[in-house]
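Below is one structure, written out as structure tokens, with a few remarks after it.
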Amino acid sequence: METSNPLDDNFTTNGVNLTEEIKSYLYESAKWGKFLSIVGFVSIGLIVIFMLIMIFAGGAAMLSGLGESAVFAGLGMGFIVIFYGLMIAMYFFPTLFLYRFSTKMKIALDANDQQSLSESFKNMKSVLKFWGIFTAIIIGFYAVGILASLAMGGLGMFM
């Protein structure tokens, strides 16, 4: 069995001290993180249920004899599956990391467990890294859209 050092032992040698005030902030952050992660998991469940309802409704519409419209209904169902699947994946991982942060932080503070504190912050880093990369991708899409709009508008002036 692994032994763990109290939280303050490693921090005081480096000039950092986890005061009771800081611990109370971390404990409160863990409680809010757990609440938000539970709401996130419930939201993901609702998205899955909505996606399944849409798939079954689309399947029923295709079976009702739409003829050529069945092809478009099938394409629509494919789009729904891809769109909602991406939404589920996009929200699942940061929600999972936030839940792990919260549970590990509570363990770390209750038991003065250095390893749990480290794992907690590792998960918080993963949450922030995920949303940082996601934000950079969205900004990139905006930049491409703005450049494309400018290019199209610029071409329109010369025609």
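The values are calculated or read from the model by the stated rules, or taken from the named source; none is laboratory data. Predicted model only: the values in this text are computed from it and were never measured. Glycine also receives a Cβ, built like all others from the backbone with ideal geometry; neighbour counts cover every protein chain displayed.
Summary table below
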| quantity | calculated |
| --- | --- |
| Exclusive hit being part of a helix (DSSP H, G or I), at pLDDT below 95, surrounded by 15 or more Cβ atoms within 10 Å (Cβ to Cβ) and among the hydroxyl-bearing types (Ser, Thr, Tyr), set SER126, SER116 | SER116 |
| Residue check, PHE92 of a type in the set (A, V, I, L, M, F, W, C), modelled with pLDDT of 85 or more and out of contact with any Gly (no Cβ under 6 Å at 6 or more places or on another chain) | yes |
| Residue match in segment 11-19 (condition: modelled with pLDDT under 80, in a helix (DSSP H, G or I) and either surrounded by 13 or more Cβ atoms within 10 Å (Cβ to Cβ) or of a type in the set (D, E, K, R) (or both)) | yes |
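Each row is one residue, and each column tells you yes or no for (1) surrounded by 12 or more Cβ atoms within 10 Å (Cβ to Cβ); (2) over 15 Å from TYR27 (Cα atoms); (3) not hydrophobic (A, V, I, L, M, F, W, C).
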{"site": "ILE88", "(1), (2), (3)": "yes, yes, no"}
{"site": "PRO94", "(1), (2), (3)": "yes, yes, yes"}
{"site": "PHE121", "(1), (2), (3)": "yes, no, no"}
{"site": "ILE133", "(1), (2), (3)": "no, yes, no"}
{"site": "ALA136", "(1), (2), (3)": "no, yes, no"}
{"site": "GLY140", "(1), (2), (3)": "no, yes, yes"}
{"site": "ALA148", "(1), (2), (3)": "no, yes, no"}
